[in-house]
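The values are calculated or read from the model by the stated rules, or taken from the named source; none is laboratory data. All figures in this text were calculated on a predicted structure; none of them were measured in a lab. Quick reminder, even Gly has a Cβ in these numbers, built from the backbone with ideal geometry, and neighbours come from all protein chains shown. The protein model used for the area step is the full one, side chains on, heavy atoms only, and it has no ligands, DNA or RNA in it. Shrake-Rupley method; radii C 1.70, N 1.55, O 1.52, S 1.80 Å.
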Amino acid sequence: MARPSGKANRIAALDQLCRAGTILHIADAARRIGASEITIRRDLGEGAGGLVCLGGYVMRAQEGAEGYSLTAAETREAAAKQIVAAEAAALIEPGDTIFLDCGTTTPCLAARVPQNAHITVVTQALNIAEAVARLQGVTLILLAGLYHRETASFSSDEAVAMLGRINITKGFFSAAGVHETEGVTCFHFHEVPVKRAALARSQQRYLVCDRSKWGKLRPATYARLDAFDRWIGGGEGTGR
């Protein structure tokens, strides 16, 4: 790519690189347009061109955390999410202690937990907690802390510490992106400590998201793909 001169040309070049929702590490973006990382951060810090620099990645604003809407995300790939949720729900057995991650597919799974399931549900997600709190025969452990409206979830050091004392038989984890080399990613860095702690405490680990997440790279990596025993919704050949 020809080296652009001037702010407008740099932004135009970045916009071209980020077409179709592509997300670039800022170092790669700087190399490809021949500008410094500092210059890119300064250009995009002014909100120009509908682009943002978030967590060391350059992306369109609607792909970034500032533009993420849980409500809007719930309506995307809705049919696929229900299929994934049904497959995941079939794995839950009486006596299980399950972790249900925040996201837009896991609430569909929570909605399939029946009365008198005789399980314990561990979650940091308020919408999941609300769905299972009313169920008889289901014990709820809510990992509380600072509430994040954009994900309807909590995060805190205390939540991570609590997870260290819970034996999870099956963990069901969400993803905003699944990348071949960069792993399983999410939009928000505050999600990472709880996700990683729950992964470490889970005897069986399931990634629950549809194939539309494949090839997407979001700002925060929380696991490698091979950390999961199975990718529910990922198609054949994606389990360990």
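In table form, for the structure just shown:
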item: Tally of residues being surrounded by 14 or more Cβ atoms within 10 Å (Cβ to Cβ) and out of contact with any Pro (no Cβ under 8 Å at 6 or more places or on another chain) across region 131-158; result: 15
item: Residues located in region 110-131, provided they are touching a Phe, Trp or Tyr at 6+ places or on another chain (Cβ under 6 Å) and among the aliphatic types (A, V, I, L, M); result: 122
item: Residue in region 222-240 that is under 20 Å from residue 104 (Cα atoms), open to solvent by 20 Å² or more (accessible area, probe 1.4 Å) and not in a loop (DSSP other than H, G, I, E, B) present; result: yes
item: Filter result (in a helix (DSSP H, G or I) and surrounded by fewer than 17 Cβ atoms within 10 Å (Cβ to Cβ)) within region 159-191; result: 161, 189
item: Region 108-128, residues that are buried (at least 24 other Cβ atoms within 10 Å of the Cβ), of a type outside the set (A, V, I, L, M, F, W, C) and not in a strand (DSSP E or B); result: 124
